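All of the numbers you see were taken from the coordinates with simple rules; none came from a lab. Here the structure is a predicted model, which means the values were calculated and not measured. No Cβ is skipped: glycine too gets one built from the backbone with ideal geometry, and neighbour counts run over all protein chains shown.
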Amino acid sequence: MTTTLAERTAAARPPAPATSDPVLQVSGVTLRFGGLVSLCEVDLTVRRGEIHAVIGPNGAGKTSLFNSLTGAYAPQEGQVLLRTDAGTEHSLLGRKPHHVNRLGVARTFQNIRLFSALTALENVKVAAESGTRSGPLGIMLGLPRAKAEERAAEGTARRLLALVGLDDRAEERADSLSYGDQRRLEIARALATGPRLLLLDEPAAGTNPTEKRELAALIRRINHELGISVLLIEHDMPLVTSVADRVTVLNFGKVIASGPPSEVQRDPAVVEAYLGTSDTDSRQGRTR
């Protein structure tokens, strides 16, 4: 059963460094759309306690990978295993997105998906209430357990809004927040489901330099203080190098490099994927 954020916080202890113990193991994942291969035999391991970034040029297959991990897409080949803190393994392939979430995987989206007419507090509270046990009848009748769960969900929502720096915006509608604040609100909502693994899809997109620095600090806090492993898609390389323990690079749906950011940045295949080669440029009539 997935632990709640309140339970994680109550059991919090000094953060342990990332280990070789995998929380997510992706092996040979291949995703096709007709004759188009979006992912080709992708291998990826997210170690427990680490921040792992996935980078690559536009169209490399990064979001397709996230969709495959969270039940939005069903790869034709491969295996995706989530390992709990106790060592139990769960296959994520073939599961519906809400089942994946209940196993402890939460995500944000490249295009923000908030309940625009609800307040910031209500957006996070809805997610916090997704794991409650009281059914609709108990809620309508106002039974004691339902009331207690509602109070707990609101408490969790307010703590998370404080974590992401939005506690003073709790009563404001989501669509009235700035773009950067909406990004942080979406992260708070994902955290409210109590994940052990958080997937962030381009969280810095559309943000300014100050917001990027604040986001980097927030990702580190989520990882260190809450003990949540993070898998991050991002184009902003300064942000990636400032937070990521390891990086995996995709190009045309294939893994072309994986390792510490400093090593990956110097990999010739990565440089070619991002910048091209002089031979490629001359063939395409480009000037450098």
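Quick one: if the Förster radius is 22 Å, what FRET efficiency do residue 113 and residue 221 give, using the C-beta to C-beta distance and rounding to 0.05?
After rounding to 0.05, the efficiency reads 0.45.
Quick query: amide H of residue 199 versus all other amide H atoms, modeled in the peptide plane; which residues come in under 5 Å with a sequence gap of 5 or more or a different chain?
106, 107, 108, 231
Go through 156-163, 172-179 and give me the packing order, highest mean Cβ count within 10 Å leading.
Result, highest mean Cβ count within 10 Å first: 156-163, 172-179.
Let me check I've understood the local charge: for residue 207, count other residues with C-beta under 15 angstrom from its C-beta, Lys and Arg +1, Asp and Glu -1. What total comes out?
-4
At residue 99 and residue 241, where each label point lies 7 Å from the Cα along Cα→Cβ, what is the point-to-point distance in nanometres?
For the pair residue 99/residue 241, the computed spacing is 4.3 nm.
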